[in-house]
Amino acid sequence: MKVLLVYPEFPDTYWSFRHALEFEGKRAAFPPLGLMTVSAMLPRDWERRLVDMNVESLAARDIKWADMVFVSAMIVQNKSLEAVVSLCRSFGKTVVVGGPYVSTSSERLPDADHIFVGEAENTLPEFLHDLELGIARKIYKADERPSLENTPVPDFSLIDMSKYSAMNVQYSRGCPFNCEFCDIIEIYGRVPRTKSNSQMIAELDALKETGWRGMLFIVDDNFIGNKKNVRRFMPDLIEWSRGNGNPFAYLTEASVNLAEDDQLLGQMEEAGFRRVFLGIETPVEESLKEAQKSQNTRRDLLESIHKIQSYGMEVMAGFIVGFDNDPDDIFELQMDFIRESGIPLAMVGLLTALPDTQLWRRLEKEGRLLDTSTGNNTDCTVNFVPRMETGRLIEGYKKILRSIYSPNEYYRRALDCLSRFHKDRVEPRSSSIVEDLKAFSKIVMTLGVKDRSRREFWNYFFQLLRHHSGDLAHGLTLAAMGYHFRQITKKYCG
């Protein structure tokens, strides 16, 4: 059997980082971990190829080669997914689709031969058995959330690592919290399941063997969701990292209660965690209560952010406007909070009702649901009737974007962020000196010569040399990210 695994294209958004990746000659931030894991679950004697449409085009010859095509997608990839399914079926190929999009959008399933709803650890073996008997069903739905103990090491051999800025692995699935707008708890549940320590070490060994060095994203939606197991894992991760010369710098996502655990913060710093994404959402307590995000109401959010930064970790964060309880001055409150936080990568979105979430069900019951979500909460669209007048909400949102991504505001936060790190902070890099010089030249030519904001860039650059020379590479990466944000802001806000 010849299997083609296809990952549909992402639109150009704040989350794509496309304009920043061009500086380092990369095509995408991360490879498609889900498909790489599915590949490792297929029979060993099957031939397989992977086409990530974010780094290369899907060619007719790829489709003709295959007997069967596997496709996985998130909601934001839905248009590309539909095009891929249609194209592959036009070639007469059997098409199998899974992933978050079809797991939460049962009313909009693509015209595929076989569809997997939910996690595939238990249903994929069942499908393979049925396929061999010639009785494969249209839909395979996971009746329970599987243990991760049998999840295999991802098939890293399928990808060209030089096309990506970072690699990724997964430690856990699920989150113990109950945020109303979140679809993660609908897909993966509220009881976080983790891989064993030995599984994770095997994945790290496999990735190191490929020659990869640099950033490694642990893609858990809440890395500390199962704190008991994380505390057991950290000593082994520290030992492995030390014993292997600290080949990776780790990035992950976590809940803000990470800030109250000094021991865990110290372990994460020692292991090599250099970035963490937090769901801050809003500084307005009534809106947090509305969203059922009680974990953010129990602590001073700015103090929590600054504490995490003090452990050498850059904090990235998500923010939302559009809650029913947002006050009239929500836009100013968000801008002030982001400024004081020292978070360069502050990702602000409009509240979106994702399919099958508690928010979706509430708004549908209230008669306020207008349309399905695009999956992109930064494209200035609203798929429900907000309490605030829609036009005012969107214009206020655009005001936030223009402000926080303006060169002066952005560079100020970047310098503030860097000032909170230890002076001896070290970050492994995957690029060579030649590659770094090429990236540096592109950044200088684009931001320091061609860009209208070149004066602000040079002021920022000399501040880096003067105060943060040891973190110069990171500082320039932040500058590249800021350029990307400005380009997308122009696209959405004019």
- Query: Of the residues Arg387, Arg392, Arg339, Arg368, which is within 24 Å of the chain's Cα centre (by Cα), surrounded by fewer than 20 Cβ atoms within 10 Å (Cβ to Cβ) and charged (D, E, K, R)?
  - Reply: Arg339
- Query: Does Lys79 count as under 29 Å from Ser57 (Cβ atoms) and touching a Lys or Arg at 6+ places or on another chain (Cβ under 9 Å)?
  - Reply: no
- Query: Here are some residues: Ser57, Ser72, Ser16. Which one is in contact with a Gly (Cβ under 7 Å, 6 or more places away or on another chain) and either within 25 Å of Thr374 (Cβ to Cβ) or at pLDDT below 95 (or both)?
  - Reply: Ser72
- Task: Quick one: count up the residues across the stretch 341-372 that are touching a residue at least 60 places away in the same chain (Cβ under 8 Å), part of a strand (DSSP E or B) and not small (Gly, Ala, Ser).
- Result: 1
- Message: Of all residues being surrounded by fewer than 20 Cβ atoms within 10 Å (Cβ to Cβ) and charged (D, E, K, R) in the stretch 115-132, which is nearest to Ser103 (Cα to Cα)? Just the residue, please.
- Response: Glu121
- Query: List pairs: first in the stretch 250-262 and over 8 Å from Phe277 (Cα atoms), second acidic (Asp, Glu) and surrounded by fewer than 22 Cβ atoms within 10 Å (Cβ to Cβ), Cβ under 8 Å, 6+ apart or cross-chain?
  - Reply: Ala259/Glu303
- Flagged in the stretch 56-92 as in a loop (DSSP other than H, G, I, E, B), under 23 Å from Phe127 (Cα atoms) and either free of Cβ contacts under 8 Å to residues at least 40 places away in the same chain or under 27 Å from the mean Cα position of the chain (by Cα) (or both), in numbering order, are Ala73, Met74, Phe91, Gly92
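This table checks each residue for (1) charged (D, E, K, R); (2) surrounded by fewer than 20 Cβ atoms within 10 Å (Cβ to Cβ); (3) within 29 Å of Gly134 (Cα to Cα).
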{"site": "Trp15", "(1), (2), (3)": "no, yes, no"}
{"site": "Phe23", "(1), (2), (3)": "no, no, no"}
{"site": "Arg27", "(1), (2), (3)": "yes, yes, no"}
{"site": "Arg44", "(1), (2), (3)": "yes, yes, yes"}
{"site": "Ser57", "(1), (2), (3)": "no, yes, no"}
{"site": "Ala66", "(1), (2), (3)": "no, no, yes"}
{"site": "Leu81", "(1), (2), (3)": "no, no, yes"}
{"site": "Ser90", "(1), (2), (3)": "no, yes, yes"}
- Message: Considering only residues that are among the aliphatic types (A, V, I, L, M), buried (at least 23 other Cβ atoms within 10 Å of the Cβ) and closer than 21 Å to Phe421 by Cβ, which ones fall in the stretch 309-327?
- Response: Met313, Val315
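Might you check whether a residue that is among the charged types (D, E, K, R), in a helix (DSSP H, G or I) and free of Cβ contacts under 8 Å to residues at least 60 places away in the same chain occurs anywhere in the stretch 130-148?
Within the stretch 130-148 (the criterion being among the charged types (D, E, K, R), in a helix (DSSP H, G or I) and free of Cβ contacts under 8 Å to residues at least 60 places away in the same chain), the answer is yes, since at least one residue qualifies.
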- Query: Is at least one residue of the stretch 400-417 surrounded by 21 or more Cβ atoms within 10 Å (Cβ to Cβ) and assigned to a loop (DSSP other than H, G, I, E, B)?
  - Reply: yes
- Task: Could you figure out which of (1) touching a strand residue (DSSP E or B) at 6+ places or on another chain (Cβ under 6 Å); (2) free of Cβ contacts under 8 Å to residues at least 40 places away in the same chain isn't true of Thr378?
- Result: (2)
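The values are calculated or read from the model by the stated rules, or taken from the named source; none is laboratory data. Nothing here was measured: the structure is a model prediction, and the numbers come from that model. Glycine also receives a Cβ, built like all others from the backbone with ideal geometry; neighbour counts cover every protein chain displayed.
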